[in-house]
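S.K.: Handing you this structure, nothing more for now.
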Amino acid sequence: MKNRLIDIKNLVKHFDISGGLLEQMALRNGRIVRERTVVKAVNDVSLFIHPGETLSVVGESGCGKSTLARALLGLYPPDGGEIYYRDDRIDGLTQQQMLPYRAKMQMIFQDPYASLNPRMTVQQTLEEPIVFHNPSLSGSEVKERVAGIMKQVGVDPKWVDRYPHEFSGGQRQRISIARALMVDPEFVVADEPVSALDVSVQAQILNLLMDAQEQRGLTYMFITHDLSVVRHISSRVMVMYLGRVCELAPTANLFESPRHPYTRALLSAIPDLYDHRHKYIKLKGEVPTPIDLPPGCVFHGRCPHTNERCSREIPALNHQGQGVYVACHAIEEGRLK
Amino acid sequence: MNHLLEVKDLEVKFGLRMGDLTAINGVSFTLDRGERLGLVGESGAGKSVTGFAIINLISKPGYISGGSVIFDNRDLTRLTDEGMRHIRGNLISMIFQDPMMTLNPVLTIGTQMVETLQAHMDISRKNAEGIALKKLRKVHIPSPEKRLKQYPHEFSGGMRQRIVIAIALLTDPALVIADEPTTALDVTIQAEIMDLLLELCESEGTGLILITHDLAVVSQVTQKIAVMYAGKIVEAGQTEDIIDNPLHPYTQGLIKALPDGSNPGTRLNQIPGVMPSLIDIPPGCAFHPRCMIRGDICRRESPALREIYGYRSMVACHMLDAAEKQAGANVAK
């Protein structure tokens, strides 16, 4: 298990959304039965992350990418599978046992308007994590750390006593990044950190994230739906569809030769600035609901290369060499090259 | 030939207690029949306000304080509410970002479509339903007869936006204004919706103003692009000219800031700072505090949008003016 910072094995996360007892009651063939409604957000996902790399998780809304990240950080208790941080198993730990790992794993959220407490000044926001995790630090040391981090993320330290509403979206996102960096983490999960920002500000924040990675040797898990951003910043990419992994490959490899039919369709849909009217792969139908997952391969109903086996059997994520993993019967059987 | 739409020196202000704020400051452009224009800019550039101003839908405390919007030989800024009702939703339709907000959740799709038709023409419910079915087929909604009787929540996001497009096209408008129509949608659905919009505009000869922050999306759909910054158009021209050879430093910065896959892992070109708020737009050229090539004149005078010698695009930039004079002098020698 060397050289793996994070190792996830067969992670499962389901949400029971059936509500109260009365809401679960339904009439079937003249009988009242109790039915549960379960959203199967993440199903049997395995992955590992090397120290110092950026793994991007891509997929469309509802594919389970955010749930995966939150389960990994212990924000949701997983329903199955194992999570390792270096060699320690961290799923199922108590709050108290989890504390040392929380300082090493931090998260940056999408909406900097919602993720900062509006009633806390920048100073309070930034010192809270470090005072919590290092209670022995003196007041002046904490202040010094806050000022140092603010300088690093490009927010003027003289604004420490301001409140979040006094900052623009880009500045707020810098403050959320500063908050994540305060406790000197090794691993940062960034959940759509630039989707709420304008293009010119987006570039500023991406540069900041890349600089921080270089200076501190950070490992990132980057969750986004923006494939051009993914291509720019990540070392490996994992494509998810309906709670399952379709493909996991080194970035250049994935963009040059996508293998899984869903990855092909997804990449073809990116509008290209310089290629007007390029052709994209039209998928038939729509994404099924994660409440009622299709049997077999989750993508088979929309796949142009589907056969009878796809509707029956869930494809395994197979290693294809060169670090490329694909879950597709058509590729395994050689029907799709 | 007359233009389908001619926006001239349009000015929109918002009257606040602290005084009037200028949201749109002298925007001019034209659109011919069947032509497609992309209005591009970041949040706060005034692109949506421009869209609303065209159909005279600026709500209080905002008002159109100057300029004209000539559509079909009529100045829309001077029409009465009654006269405007004949144009809005009839000759000019608008498509918004979030289809769930546009559709009425308690009425079936059929009722909403029939209502729209009956508001603009004397038509029986039965005939109106016939037209509605035809339009739903045009936007590729499967089994439209069944779908007419369903409510918006029974559709997925992509389907809802298709229905909104079908409603916008019910009256065969000459112009459709689409304000960020795919921003709330996933990338595969975005590709489908943009493809559909393009297909319909081409087959029906409908003019389109596509308002978006996404240059890549615009480059797929429109023939012309106007780039807005702080309430003004800073560069306008043919799509391929703007994309391949941007002239204004802001347009150049916007395009360079996009990760294009050529140098993964390297620092992106960033434009320093942020778009100014309407409350304190810098004097002179509004872009000068963020500009890499600014000169003294940029702090004092606001540059006009004009043609630059040797190029096809219109640009508002003093520094290009200076470069042009230099080039002119060289030619004269």
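The values are calculated or read from the model by the stated rules, or taken from the named source; none is laboratory data. Worth saying up front: this structure is predicted, and the values here are computed from it rather than measured. Every residue, glycine among them, receives a Cβ derived from its backbone with ideal geometry; neighbour counts consider all protein chains shown.
S.K.: Looking at the stretch B:36-48, is at least one residue more than 18 Å from B:Val234 (Cβ to Cβ), away from chain A (no Cβ under 14 Å) and out of contact with any Asp or Glu (no Cβ under 8 Å at 6 or more places or on another chain)?
M.R.: No, the stretch B:36-48 contains no residue that is more than 18 Å from B:Val234 (Cβ to Cβ), away from chain A (no Cβ under 14 Å) and out of contact with any Asp or Glu (no Cβ under 8 Å at 6 or more places or on another chain).
S.K.: Assess whether B:Ser59 counts as being of a type in the set (Ser, Thr, Tyr), surrounded by fewer than 20 Cβ atoms within 10 Å (Cβ to Cβ), assigned to a loop (DSSP other than H, G, I, E, B) and on the phi < 0 side of the Ramachandran plot.
M.R.: yes
S.K.: Now a separate question. If we only count strands (runs of 3 or more DSSP E) wholly inside the stretch A:37-89, which ones have 1 or more residues that are within 13 Å of the chain's Cα centre (by Cα)?
M.R.: In the stretch A:37-89, A:38-49, A:54-58 are the strands (runs of 3 or more DSSP E) which contain 1 or more residues that are within 13 Å of the chain's Cα centre (by Cα).
S.K.: Across the stretch B:198-220, what is the number of residues that are without any contact (Cβ under 8 Å) to a residue 40 or more places away in the chain and more than 13 Å from chain A (Cβ to nearest Cβ)?
M.R.: Adding up the residues that qualify gives 2.
S.K.: Determine which single condition A:Ile331 fails, assuming it passes every other condition in (1) in a loop (DSSP other than H, G, I, E, B); (2) farther than 30 Å from B:Ile242 by Cβ; (3) among the β-branched types (Val, Ile, Thr).
M.R.: Every condition holds for A:Ile331 apart from (1).
S.K.: Further, regarding this structure: Of the numbered conditions (1) part of a loop (DSSP other than H, G, I, E, B); (2) not assigned by TED's automatic domain parsing to the domain that holds B:Leu185, B:Gly44 fails exactly one; give the number of that condition.
M.R.: Status for B:Gly44: all satisfied but (2).
S.K.: Could you check how many residues of the stretch B:30-53 are surrounded by fewer than 22 Cβ atoms within 10 Å (Cβ to Cβ) and small (Gly, Ala, Ser)?
M.R.: 5
S.K.: Next question, about the same structure. Name the residues in the stretch B:195-239 that are out of contact with any strand residue (DSSP E or B) (no Cβ under 9 Å at 6 or more places or on another chain) and of a type in the set (A, V, I, L, M), would you?
M.R.: Result: B:Leu196, B:Ala216.
S.K.: Among the numbered criteria (1) part of a loop (DSSP other than H, G, I, E, B); (2) touching a Ser or Thr at 6+ places or on another chain (Cβ under 8 Å), which single criterion is violated by A:Gln322?
M.R.: For A:Gln322, the exception is condition (2).
S.K.: May I pose another question? Return a yes/no flag: does the stretch A:316-335 have any residue that is of a type outside the set (Ser, Thr, Tyr) and at the interface with chain B (Cβ under 9 Å from one of its Cβ atoms).
M.R.: Checked the stretch A:316-335: no residue is of a type outside the set (Ser, Thr, Tyr) and at the interface with chain B (Cβ under 9 Å from one of its Cβ atoms).
S.K.: (1) in contact with a His (Cβ under 7 Å, 6 or more places away or on another chain); (2) within 13 Å of chain B (Cβ to nearest Cβ): which one isn't true of A:Glu247, the others all being true?
M.R.: All conditions are met except number (2).
S.K.: Here's another thing I want to ask about it. Filter the stretch B:221-250 for residues that are within 12 Å of chain A (Cβ to nearest Cβ), surrounded by 23 or more Cβ atoms within 10 Å (Cβ to Cβ) and out of contact with any Phe, Trp or Tyr (no Cβ under 9 Å at 6 or more places or on another chain) and give the result.
M.R.: B:Thr222, B:Ile225, B:Ile242
S.K.: Cβ-Cβ under 6 Å, sequence separation 6+ or interchain: first residue in the stretch B:267-290 and more than 8 Å from chain A (Cβ to nearest Cβ), partner charged (D, E, K, R) and part of a loop (DSSP other than H, G, I, E, B). Which pairs?
M.R.: Listed pairs, sorted by first residue: B:Gly284/B:Glu301; B:His288/B:Arg294.
S.K.: Something else now. Which ones in the stretch A:130-151 are among the small types (Gly, Ala, Ser) and under 27 Å from the mean Cα position of the chain (by Cα)?
M.R.: None; the set is empty.
S.K.: Still on this model: If B:Asn25 satisfies all but one of (1) of a type outside the set (Lys, Arg); (2) touching an Asp or Glu at 6+ places or on another chain (Cβ under 8 Å); (3) without any contact (Cβ under 8 Å) to a residue 40 or more places away in the chain, what's the number of the condition it fails?
M.R.: Only one criterion is unmet by B:Asn25, namely (3).
S.K.: Provide a single number: the residues in the stretch A:136-155 that are surrounded by fewer than 17 Cβ atoms within 10 Å (Cβ to Cβ) and assigned to a loop (DSSP other than H, G, I, E, B).
M.R.: 3
S.K.: If I ask for residues that are touching a His at 6+ places or on another chain (Cβ under 7 Å) and assigned to a loop (DSSP other than H, G, I, E, B), which ones from the stretch B:1-40 would you list?
M.R.: Correct list: B:Asp32 only.
S.K.: Moving on. I'd like to check something: does the stretch B:101-113 contain any residue that is surrounded by fewer than 22 Cβ atoms within 10 Å (Cβ to Cβ) and either within 14 Å of another protein chain (Cβ to nearest Cβ) or free of Cβ contacts under 8 Å to residues at least 12 places away in the same chain (or both)?
M.R.: yes
S.K.: Another question, then. Which condition breaks for B:Met101 when tested against (1) at pLDDT below 90; (2) assigned to a loop (DSSP other than H, G, I, E, B)?
M.R.: All conditions are met except number (2).
S.K.: Pick out the one residue from A:Asp272, A:Asp292 that is within 9 Å of another protein chain (Cβ to nearest Cβ) and either more than 25 Å from the chain's Cα centre (by Cα) or free of Cβ contacts under 8 Å to residues at least 40 places away in the same chain (or both).
M.R.: Result: A:Asp272 is the single residue among A:Asp272, A:Asp292 that is within 9 Å of another protein chain (Cβ to nearest Cβ) and either more than 25 Å from the chain's Cα centre (by Cα) or free of Cβ contacts under 8 Å to residues at least 40 places away in the same chain (or both).
S.K.: Kindly indicate the residue of the stretch B:255-304 that is of a type in the set (Val, Ile, Thr) and at pLDDT 90 or above and also farthest from the chain's Cα centre (by Cα) among those meeting that condition.
M.R.: B:Ile297
S.K.: Residue check: is A:His165 part of a helix (DSSP H, G or I), in contact with a Pro (Cβ under 8 Å, 6 or more places away or on another chain), within 14 Å of another protein chain (Cβ to nearest Cβ) and more than 30 Å from A:Asp272 (Cα to Cα)?
M.R.: Yes: the conditions hold for A:His165.
S.K.: Only one of (1) in the same structural domain as B:Ala53 (by TED's automatic domain parsing); (2) surrounded by fewer than 23 Cβ atoms within 10 Å (Cβ to Cβ) fails for B:Arg147. Which number is that?
M.R.: With respect to (1) in the same structural domain as B:Ala53 (by TED's automatic domain parsing); (2) surrounded by fewer than 23 Cβ atoms within 10 Å (Cβ to Cβ), B:Arg147 is out only on (1).
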